[in-house]
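So the structure is just underneath, and the comments pick up after that.
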Amino acid sequence: MKNWDDLKLGSTSQILDWAADQPWARAMAECQQDAGRHAEGDVWTHTRMVLAELEQLTEWLSLNRDTQSKLAFAALW
């Protein structure tokens, strides 16, 4: 996915694949969290978990793809 038009229509998995190559996502992966509060470890893992939880919400499937991608990007940032 190289441009916004493709990316905004992509699945959450495709958005995550794109994001993983971004410098800010690599920095998130290097940022460790307090193990007492975040056993998952780094911020990138936490962010991916948040996105996975979004897809589990009952309302997720009733949202159009545009709204889903906006929520996915909100979770990334």
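The values are calculated or read from the model by the stated rules, or taken from the named source; none is laboratory data. In this text, all values refer to a predicted model and were calculated from it rather than measured experimentally. Counting neighbours? That spans all protein chains shown, and the Cβs are built from the backbone with ideal geometry, glycine included.
So the values come out like this:
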item: Tally of residues being among the hydroxyl-bearing types (Ser, Thr, Tyr) and either surrounded by fewer than 14 Cβ atoms within 10 Å (Cβ to Cβ) or over 14 Å from residue 49 (Cα atoms) (or both) across the stretch 8-32; result: 2
item: Residues satisfying the stated conditions in the stretch 22-77, i.e. at pLDDT below 90 and assigned to a loop (DSSP other than H, G, I, E, B); result: 31, 33, 34, 35, 36, 37, 38, 39, 40, 41, 77
